[in-house]
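Visitor: Below you'll find the structure I mean.
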Amino acid sequence: MEARAIQYTVRQSARKMRLVIDLIRGRAVPEADAILRFSKKRAAKQIHKVLKSAVANAQQAALRQNEAFDADRLRVKYAVVNEGQTLKRFTAAAMGRATPIKKRTSHVEIHVASDTAPVPAPAASAAAATAEPKAKAKKQAAPSKAKTQKKTQKKTKKTKKASK
């Protein structure tokens with residue numbers, strides 16, 4: 001189950017909004033909701049609206065497909081802030097001049113998807129599966145140690161003969 005929500009032309013620069021959206025990317029929806037609710041940034045309010053809308057869209061999609069829905073199992077899969085149109089305005093400056101003002105906007109897009117956790121294997125079979133490879137590894141490691149010891153003994157004999 002995946003749902004998305006997009007808000008266009010938010011009256012804040014994308015650079016400032018990206019600081020907040022980076023905090024929630026990849027997190028569970030309840031955790032992201034808490035982060036946005038208690039953030040002091042102005043962008044958090046707009047992003048929180050988009051997140052709530054994405055969760056509501058996921059709920060509606062689940063109702064249409066007659067599936068079970070749990071908002072706590074959703075995760076922020078994709079969250080991005082892109083630049084929108086820049087509103088160009090002018091203000092008065094010295095000696096009859098005008099200086100430009102750029103009022104930047106941004107587009108917020110959030111995708112949420114259900115978090116499907118894999119079913120853990122039973123503890124007894126997992127313990128047996130890890131014990132067998134360890135035993136095989138020990139058997140294989142023992143002959144290799146013996147070979148290396150023989151090689152070092154031969155080298156020491158050769159060096160002793162060479163030194164005499």
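None of the figures in this text is laboratory data; all of them are computed from the coordinates on show. In this text, all values refer to a predicted model and were calculated from it rather than measured experimentally. Here the Cβ is made from the backbone with ideal geometry for all residues, glycine too, and neighbour counts use every protein chain on show.
Visitor: Would you mind checking the pairs K45/K88; K77/K102; K41/K102 and listing those with alpha carbons more than 28 angstrom apart?
Guide: Long pairs (Cα-Cα over 28 Å): K77/K102.
Visitor: Set the Förster radius R0 to 41 Å, insert the Cβ-Cβ distance between I101 and K49 as r into 1/(1 + (r/R0)^6), and round the FRET efficiency to 0.05.
Guide: The formula returns an efficiency of 0.95 here.
Visitor: Right, another one. Work out how much length F90 to T116 would gain on full extension: take 0.36 nm times their residue separation and subtract the Cα-Cα distance, in nm to one decimal.
Guide: Length gained between F90 and T116: 4.2 nm.
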